[in-house]
Amino acid sequence: MKEKFDLSGKVALVTGASSGIGRATAIALAGCGAAVCINYHRNERGAEETRAAIIAAGGRAMVARADVTRRADVRSLIERAVAELGPIDILVNNAGSLIERLRILELTEERWDEVIALNLKSAFLCSQAVAASMMERRTGAIINVASIAGRNGGALGSIHYSTAKGGLIAFTKGLAKELAPYGVRVNAVNPGVIDTPYHEQFSTPEMMRAYTNNIPLGRIGHPAEVASVIVFLASDAASYLVGETVEINGGMLML
Ligand code: NAI
């Protein structure tokens, strides 16, 4: 059984891996043997810290800056990763953010487009950039980091974000159907409330208390608890999972 979780010889790319869930995922994938490309946008220091943690544990990793909402950036990100580590076997579309809580009357067209691009278009661009090689090699796993918000509409002021994440769940299923015949599996995770910089930015202490009261497990989640599910989805242990979205929320939402 243990060998099914072994990612030795695999190359993984994690977008937005300079903090939070992305960082934990990069570290977890490397811990199971994958060589990891750590993508970041603005937080170079955070990306270097992720890399240092991987190297200290005996793993292999590189750091690459790219804005994953821009096609040209994504193309050069993939080129750099492939040149340094080899063809990508595992893509984790993790980069994402609410950017700002805004209700319908305050939400501008520009903010709407920005949030949809960051949480949804980015996954399309990155998946498209790795798909041909995965299809040709008849191997690969793509994991999209969606959200509980994509199921329940999110907390107030997040329709731009929750709509993007709902779209990402549908994208996961559609792409899974296209790529499964080529031996490439596409799945998603829906984190609930996870202890990352996201909530420092977007959730008040009152909101955090209210969230916790609604979680049967009685606590918010840790990034590593999302990362371990992503590792599972990337591994041969999930060889028959296709188009699935795994809810990771301590029981906050049961479907
Ligand atoms: P985070 O803020 O630590 O991570 C977001 C990452 O995305 C950062 O590393 C940031 O630099 C990166 N990023 C932002 N714009 C980018 C761009 N244009 N190009 C490349 N990278 C970019 O927060 P967290 O929580 O770790 O978020 C990771 C993912 O998990 C996001 O997609 C978020 O929507 C999702 N999520 C988080 C939840 C939580 O409770 N923390 C709940 C549900 C989903």
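What follows draws every value from the coordinates through simple rules; no lab data is involved. Here the structure is a predicted model, which means the values were calculated and not measured. Quick reminder, even Gly has a Cβ in these numbers, built from the backbone with ideal geometry, and neighbours come from all protein chains shown.
Points to keep in mind about this one:
- Considering only residues in the stretch 16-34 that are crowded, with 23+ Cβ neighbours inside 10 Å and in contact with a Leu (Cβ under 8 Å, 6 or more places away or on another chain), the one that is nearest to Ala123 (Cα to Cα) turns out to be Leu29.
- Filtered residue count, the stretch 81-96, keeping only those that are assigned to a loop (DSSP other than H, G, I, E, B) and either free of Cβ contacts under 8 Å to residues at least 60 places away in the same chain or under 11 Å from Ile230 (Cα atoms) (or both): 1
- Of the set (1) in a helix (DSSP H, G or I); (2) in contact with a Ser or Thr (Cβ under 8 Å, 6 or more places away or on another chain), all apply to Asn187 but (1).
- Search result, residues across the stretch 13-34 that are part of a helix (DSSP H, G or I) and either on the phi < 0 side of the Ramachandran plot or more than 8 Å from the ligand (Cβ to nearest atom) (or both): Ile21, Gly22, Arg23, Ala24, Thr25, Ala26, Ile27, Ala28, Leu29, Ala30, Gly31
Residue-by-condition table, conditions (1) more than 9 Å from the ligand (Cβ to nearest atom); (2) closer than 21 Å to Ser133 by Cα; (3) surrounded by 24 or more Cβ atoms within 10 Å (Cβ to Cβ); (4) not hydrophobic (A, V, I, L, M, F, W, C):
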residue: Val36; (1), (2), (3), (4): yes, yes, yes, no
residue: His41; (1), (2), (3), (4): no, no, no, yes
residue: Arg45; (1), (2), (3), (4): yes, no, no, yes
residue: Glu48; (1), (2), (3), (4): yes, no, no, yes
residue: Asp67; (1), (2), (3), (4): no, no, no, yes
residue: Arg71; (1), (2), (3), (4): yes, yes, no, yes
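- Total residues in the stretch 202-217, condition in a helix (DSSP H, G or I) and either under 15 Å from the mean Cα position of the chain (by Cα) or free of Cβ contacts under 8 Å to residues at least 60 places away in the same chain (or both): 9
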